[in-house]
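These notes are about the structure you will find just below.
The values are calculated or read from the model by the stated rules, or taken from the named source; none is laboratory data. Please read these numbers as outputs of a predicted model, since none were measured by experiment. In this analysis, Cβ positions are derived from the backbone assuming ideal geometry, glycine residues included, and neighbour counts consider all displayed protein chains. What goes into the accessible areas is simple: the full protein's heavy atoms, side chains included, and nothing from ligands, DNA or RNA. Shrake-Rupley method; radii C 1.70, N 1.55, O 1.52, S 1.80 Å.
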Amino acid sequence: MKYFDKILIANRGEIAIRVMRACREMNIETVAIYSTADKDSLHVKYADEAFLVGEAPPSKSYLNMDRIIDIARKSGSEAVHPGYGFLAENHRFAKYCQDEGITFIGPSWETIRAMGSKIESKQTMKDAGVPVVPGTEGGVRDSETARAIAEEIGYPVIVKASAGGGGIGMQIVDDEKGLEAAIQAGMRIAESAFGDATVFVEKYLVKPRHIEFQILADEHGNVVHLFDRECSIQRRHQKLVEEAPCPIMTDELRERMSASAIAVARASDYTNAGTVEFLYSEGDYYFMEMNTRLQVEHTVTELITGIDLVKQQLAIAAGDSLPFEQEDLSIRGHAIECRINAEDPLNNFAADPGKIVRYRSPGGPGMRVDSGIHMGYTIPATYDSMIAKLCSWGMTRQEAIARMRRAIYEYVIIGVKTTLPLHHAIMHNRHFIAGDTHTHFLQEEHIIKTLTRYVREEETRIQTLAASLRQGKEIAAITGALDVYMKGQKKAQ
Ligand code: ADP
């Protein structure tokens, strides 16, 4: 069955290509949009048609709703896939599409709006019997209400923006003294980043795990979950390594948490693909938020279930019923995703945009690389620093780790600093290997210490490679570079 003839992908880079890949397999024509900074991007070449959407700043291009809808109309696109980021969780855009008779590939705009407010969604879930992190019942404007609640739940607490995302504006408060300043600063940041100054306060869980469930729901009342993902390894509250399933999951915990995830989807009249995020601490779990879109880390769920989530999104958006029931789904093996960002892990993850002068992507058994970059590509400074998703699959978690290590040795990216050495450090860390992670993992001393060593190794590797390249020795460059990492690995074991 052909769901659509032509769709527009309102995004760029890696995720635009990911969606187009599903469309190509489904014989659906694709329309790309691109900013002036992206005219040479792979997603532009990959699409059947491409339209310039505007200048480089997102507000003038990938967030320019009028222009995007105009292109959708002009190109005869029947539907729009928003990817993630940009307009993916913008209910006004989803409504705009609907008003124009264009299918928005995602949940209804009403659901997006309701879930976009962390305060509102938390309340809905509490009413539905789902455990939530203890905290204020609504927004706080002054420290009076906040202080009373903080006293009750106990410090530390966290101040969060209700309309927040991407970890922006979150502040941890250790005692009463810092509360007022954190609320004022939080409101300022929330206003400028999200246009909504509402903040709230909740208990700050020390060293929790971030565990989330993938949901698929059709328009006929069928809801299933596609198991769990662990996303505890984060920098600045943003995920860096994700895996599926969660290494500490038991049958009993999965049963409880998945029942809550389904309850969340039902309580929000959810349709399409979505993620229910929980924090887990000492045997208890708490609903944190629902992301009403495809996640960056959807790849690991695809690897363990064999289900193409983008294809399911398109089928659901076209009104089809889910082709499976919960009992039909099962987990096969284990998958890990490492986000490869153009940033300097030793300099507080500062972005490092620039030209990729050499690029060689890993392959072989159990590997998946989703990326929009290539040799000669210049990473623009304007957008997110994520340039590739390196994913491994193995029959066991151990095998997935071994394959990821091997892929990191094979991966050659020269020209910009990347998170590769950090992933190298994580994949060799004994706590990670034991599945013993939490959201503060990257701040722990043991990882910072080994990281410095691995970054030095990466620098040596790049120098070796560059020297061979100067002498015109392409193969020597690659093998020489691999050798540096291999030696590093032997040292680490
Ligand atoms: P955003 O929507 O900005 O990404 P989330 O609410 O999803 O923010 O939280 C992102 C991360 O912030 C979590 O994975 C966790 O590491 C941390 N975090 C959020 N709330 C808490 C909390 N109450 N206690 C401890 N950590 C938290």
Extreme residue, positive dipole direction of the stretch 210-324, given options A317, I215, L303 (C-beta unit charges): A317
Positive-end residue, the stretch 333-493 charge dipole about Cα centroid, Cβ charges, pick of N347, T464, C391: T464
Accessible carbon and sulfur surface of the chain relative to its total accessible area, %, 1.4 Å: 49
Size of electric dipole in the stretch 267-349: Cβ of Lys, Arg +1 and of Asp, Glu -1, about Cα centre, debye, nearest 20: 240
Scattering curve values for the stretch 333-493, log₁₀ I(q)/I(0), Debye with Cα scatterers, q = 0.13, 0.20 Å⁻¹: -0.60, -1.47
Solvent-accessible area per residue for the chain (1.4 angstrom probe, square angstrom): 40
Within the chain: Cβ-based charge dipole about Cα centre, in debye rounded to nearest 20 (Lys, Arg +1; Asp, Glu -1): 2120
Solvent-accessible surface (1.4 angstrom probe) belonging to L469, in square angstrom, nearest 10: 50
Reachable lysines, given that their alpha-carbon falls under 21 Å from the alpha-carbon of K126 and they are not under 8 places away in the same chain: K118, K160, K203
Cα centroid separation - the stretch 75-125 against the stretch 405-461, whole Å: 36
Nearby aspartates and glutamates by direct alpha-carbon distance to K39 (threshold 14 angstrom, same-chain neighbours under 8 apart not counted): E49, E55
Filtered GluC sites (Glu not before Pro), the stretch 124-218: DSSP coil and at most 15 other beta carbons within 10 Å: E137
Net charge of neighbours whose Cβ lies under 9 Å from the Cβ of A197, counting Lys and Arg as +1 and Asp and Glu as -1: 0
Mean separation of Cα contacts under 8 Å, 6 or more apart, over the residue count of the chain: relative contact order %: 12
Longest to shortest principal axis, alpha-carbon extents of the stretch 139-265, angstrom: 44, 32, 28
Alpha-carbon spread of the chain, three principal axes, descending order, Å: 66, 55, 46
The stretch 263-293 and the stretch 300-377: distance between their alpha carbon centers, rounded to Å: 21
Cut-off of 10 Å, at most 10 other beta carbons, DSSP loop: longest stretch of the chain lacking such trypsin sites (Lys or Arg not before Pro): 40-493
Residue (of I7, V224, G106) at the positive-pole extreme of the chain, dipole from beta-carbon charges: I7
The stretch 210-324, Rg to Rh (Cα coordinates; Rh as Kirkwood inverse mean 1/r): 0.95
At 1.002 mPa s and 20 °C, Stokes D of the stretch 6-105 from Kirkwood alpha-carbon radius, µm² per second: 165
Residues E180 and H237, FRET efficiency given R0 of 22 Å [Cβ-Cβ distance, rounded to 0.05]: 0.50
log10 of Debye I(q)/I(0), alpha-carbon scatterers only, for the stretch 134-203 at 0.18, 0.25, 0.26 Å⁻¹: -0.54, -1.04, -1.12
Contact order normalised by residue count of the stretch 1-129, Cα under 8 Å, 6+ apart, percent: 22
